[in-house]
Structures are given as structure tokens and as C-alpha cells.
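Undergrad: Can you keep this structure in mind? I'll have questions shortly.
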Amino acid sequence: MYHTFTFCSFCCCCLVGVFGGDAVKSVMEGESVSLNTDTEIKNDDVIQWRCGTNGPLLAQINRELDEIYISSGTERFRDRLKLDNQTGSLTIMNSKITDSGLYEVTIRGSKTTFNVTVYARLPVPVIISESPQNSSPSSSSCMLVCSSMVNVSDATLSWYKGVSVLSSIRVRDLNRSLSLHLECVDDSYSCVLNNSISNQTTHLNNTELCQPCSGSFH
């Protein structure tokens, strides 16, 4: 038997970055994230999923009554929650940034929490050339600027030479950039935007951006 119920004033307040969970889940925006109970539920079990510690009820399985409840009282998770009737595991489909936070499951009086982080898809960083301040017309040096052109959070923008980091900054604001002053360039330079689960890389292989070093770009 399947039932759906509605809260008239449902407010799911997942707590972001406040509590440490028993399990940590990290996914890219748009992917599904499964919160697994790692158990096979018994015939008389009641499994409850809540958003935040002791927060609003998201979903419930009552095996004794053969009932599955999934809240439809908020647009936030509309048609994106799925319950496994055998294990009680909860899957959030088509994940969104706003799904990040703490989730709690109660089985036989025992509570387990999951700390979920949904990361935005990273853009490819952009490299441009700028003239250094106070440089003479005859100067062969150049200023390379790598930037993140869209708003991302909890990411790092870095200049690399080969596998060595030359400089890096945390990216938390719109249009952050990172400069690199060089006399000449070769094909070992790259700019990388990364978070804990993904990265985007732009390689510096355009000789128009800066004078190539002697013996480079053959």
C-alpha cells in the first residue's frame, strides 16, 4: 500500500556545514546520491528519514502496515526522493546545491546521520594575457591571468608548471582571478579549477599569449 501525505507548512531545514555526520556523501550537481542503511529491514520495522537532526519528516516505511510515505509538502524534493522497501535506503535524484546538509535515519530506535555536500559543476577556467604595469614597450615579459567566469563555491584556482603548484587561491566569489608573471612560456603551464571531487584544466599552449621560451613549441 502506497500513501503520500502533505504538510501544510513544511519547512525542511537541512543544516549545512554545522554538524559532522556518521557518513559523508559528496556528489556533483545533477547526480543521484544514495543514503544507504546497510541493513535489511525486518517485517515490523519503522524507518524514518528526516532533514536535519530531529527535523521535518521526509519519508517513512512501516513494514508491519506495508506502508511507504514520501512527503509531498515541499517543492524542494518534488518527485526526487526514492525509498528502497527492502533496505530503507533513501535516494535523492537529480541533486541540487540546496540539497547539501544533514540527513537522519531512525531504525529500531538507532539513529544514523549523513552529511551530504552537492558541488556545482565547475566551469573551464579562462586564460588571458595582460600587460604588466610599468612595463616598457620593449619588455618581453607578460602577465597571464586565469579566472573563473561564473560563481562557484568551495573551489581552488591554481597555476601549475607541470605537476608543481606555482600559486593558488580559494574561489568563493564571482569572477575571481589569479595572475602569473612570466618572461616566457612553454607548454608545461596550466590553470586548474578544482574542488574535492572534480577539476577543470586549461593548458597554456597558445604562443600568442606570451613569448615562447627558447626551444619551446617545436
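Undergrad: Tell me which of these residue 91 doesn't satisfy, since it passes every other one: (1) of a type in the set (Val, Ile, Thr); (2) surrounded by 16 or more Cβ atoms within 10 Å (Cβ to Cβ); (3) in a strand (DSSP E or B).
TA: Looking at each condition in turn, residue 91 falls short on (2).
Condition check ((1) of a type in the set (Ser, Thr, Tyr); (2) modelled with pLDDT of 80 or more) across all residues:
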position: 154; (1), (2): no, no
position: 160; (1), (2): yes, yes
position: 163; (1), (2): no, yes
position: 171; (1), (2): no, no
position: 174; (1), (2): no, no
position: 189; (1), (2): yes, yes
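Undergrad: Kindly provide the set of residues from the range 155-169 that are touching a Ser or Thr at 6+ places or on another chain (Cβ under 8 Å) and not hydroxyl-bearing (Ser, Thr, Tyr), ordered by number. Spell out the reasoning first.
TA: As a first pass, look at the range 155-169 and keep what is touching a Ser or Thr at 6+ places or on another chain (Cβ under 8 Å): 155-162, 165-169.
Correct list: 155, 157, 159, 161, 162, 165, 166, 169.
The values are calculated or read from the model by the stated rules, or taken from the named source; none is laboratory data. Quantities reported herein were computed from a predicted structural model and do not represent experimental measurements. All Cβ positions, glycine included, derive from the backbone under ideal geometry; neighbour counts span all protein chains shown.
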